[in-house]
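Asks: My structure is below; once you've seen it, I'll send some questions.
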Amino acid sequence: MAQALSRIDRIPRLSRLSWLMGLYAENHDHLVRLFAPQDLAAGSYVSCIGDGLDLRLDVIECHRYTVELRMTYDICDPLTGEPDPSAYVRLYQDARQAEATHCYVGRRWQDVVGMYPPADALISHRMRMNTFLGKWLEYLAERGHGVATLRRIEGSQAPLRVAGTLEH
């Protein structure tokens, strides 16, 4: 038994931050395989698979190493009129990571963790958001969404970024 315990003690443990960085890497791989957003121009796209639940992908900004986008089903929350669910994602091409910066599922991140959350609460919140993003991307792939089902919405422009928020 002593030998078994000593072997287990030698296995390195992942910190929560390491786990989060792993989620970012997995989300990058899923997103790039699914929609190749690094190759899309700024603007709005829709992925239709014939199930009546079309996915909208807004490429907000494209930079040399970063792409900012929003994914949503365009189902509006009856209280706020905001698309729900939606995820804002920052794709880091050089680091091969995709981070869900915030998700709108009825509440803003400030309402969930406060304006000045402790680091532990912030990492937990980011882990939940990025786990959600990973599961959503896997679901979209299973349903058949992808580059082949993605088409640009004619005459669309990227939503404007205004003081950390988006305007249509």
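The values are calculated or read from the model by the stated rules, or taken from the named source; none is laboratory data. Remember, predicted model here, so these are calculated numbers, not experimental data. Quick reminder, even Gly has a Cβ in these numbers, built from the backbone with ideal geometry, and neighbours come from all protein chains shown. For the accessible areas, the whole protein counts, side chains as well, though only heavy atoms, and no ligand, DNA or RNA atoms are used. Shrake-Rupley method; radii C 1.70, N 1.55, O 1.52, S 1.80 Å.
Asks: Cβ-Cβ under 6 Å, sequence separation 6+ or interchain: first residue in segment 85-98 and under 11 Å from Arg70 (Cβ atoms), partner open to solvent by 40 Å² or more (accessible area, probe 1.4 Å) and not in a loop (DSSP other than H, G, I, E, B). Which pairs?
Replies: Pairs found: Tyr88/His102.
Asks: When only residues in segment 67-93 that are among the hydrophobic types (A, V, I, L, M, F, W, C) and surrounded by 15 or more Cβ atoms within 10 Å (Cβ to Cβ) count, which is modelled with the lowest pLDDT? Spell out the reasoning first.
Replies: Taking segment 67-93 as the starting set, the residues that turn out to be among the hydrophobic types (A, V, I, L, M, F, W, C) are 67, 69, 71, 75-76, 79, 87, 89, 91.
So of that shortlist, the ones also surrounded by 15 or more Cβ atoms within 10 Å (Cβ to Cβ) come out as 67, 69, 71, 87, 89, 91.
Details: Val67: 97, Leu69: 95, Met71: 95, Ala87: 91, Val89: 96, Leu91: 97.
Top of the filtered list is Ala87.
Asks: Among the residues of segment 12-34, is there at least one that is part of a strand (DSSP E or B), closer than 19 Å to Cys103 by Cα and touching a Leu at 6+ places or on another chain (Cβ under 8 Å)? Walk me through it before giving the result.
Replies: Initial filter on segment 12-34 (part of a strand (DSSP E or B)): none.
Checked against the condition, which is being part of a strand (DSSP E or B), closer than 19 Å to Cys103 by Cα and touching a Leu at 6+ places or on another chain (Cβ under 8 Å), segment 12-34 yields no hits at all.
Asks: Name the one entry in Arg126, Arg96 that is surrounded by 12 or more Cβ atoms within 10 Å (Cβ to Cβ), modelled with pLDDT of 95 or more and under 15 Å from Tyr24 (Cβ atoms).
Replies: Numbers: Arg126 fails: modelled with pLDDT of 95 or more.
Checking each option against the conditions leaves just Arg96.
Asks: Just wondering, is there one or more residues in segment 39-49 that are of a type in the set (D, E, K, R), at pLDDT 90 or above and on the phi < 0 side of the Ramachandran plot? Give the derivation first.
Replies: Narrowing segment 39-49 to residues of a type in the set (D, E, K, R): 39.
Going one step further and asking which of them are at pLDDT 90 or above, we end up with 39.
Next cut, on the phi < 0 side of the Ramachandran plot only: 39.
Yes, because at least one residue in segment 39-49 is of a type in the set (D, E, K, R), at pLDDT 90 or above and on the phi < 0 side of the Ramachandran plot.
Asks: A further question on this structure: For segment 148-168: of the residues being at pLDDT 85 or above and surrounded by 14 or more Cβ atoms within 10 Å (Cβ to Cβ), which is nearest to Ile60 (Cα to Cα)?
Replies: Step by step, filter segment 148-168, then rank; the result is Arg152.
Asks: Kindly provide the set of residues from segment 134-147 that are open to solvent by 70 Å² or more (accessible area, probe 1.4 Å) and either touching an Asp or Glu at 6+ places or on another chain (Cβ under 6 Å) or touching a residue at least 24 places away in the same chain (Cβ under 8 Å) (or both), ordered by number. Quick ask: steps written out before the conclusion?
Replies: First pass over segment 134-147, keeping only residues open to solvent by 70 Å² or more (accessible area, probe 1.4 Å): 135, 138-139, 142-143, 147.
The answer is Glu138, Arg143, Val147.
Asks: Let me ask you something else. Checking Thr131 against (1) at pLDDT 85 or above; (2) farther than 30 Å from Gly50 by Cβ; (3) open to solvent by 40 Å² or more (accessible area, probe 1.4 Å); (4) among the hydroxyl-bearing types (Ser, Thr, Tyr), which single condition isn't satisfied?
Replies: Of everything listed in (1) at pLDDT 85 or above; (2) farther than 30 Å from Gly50 by Cβ; (3) open to solvent by 40 Å² or more (accessible area, probe 1.4 Å); (4) among the hydroxyl-bearing types (Ser, Thr, Tyr), Thr131 misses just condition (2).
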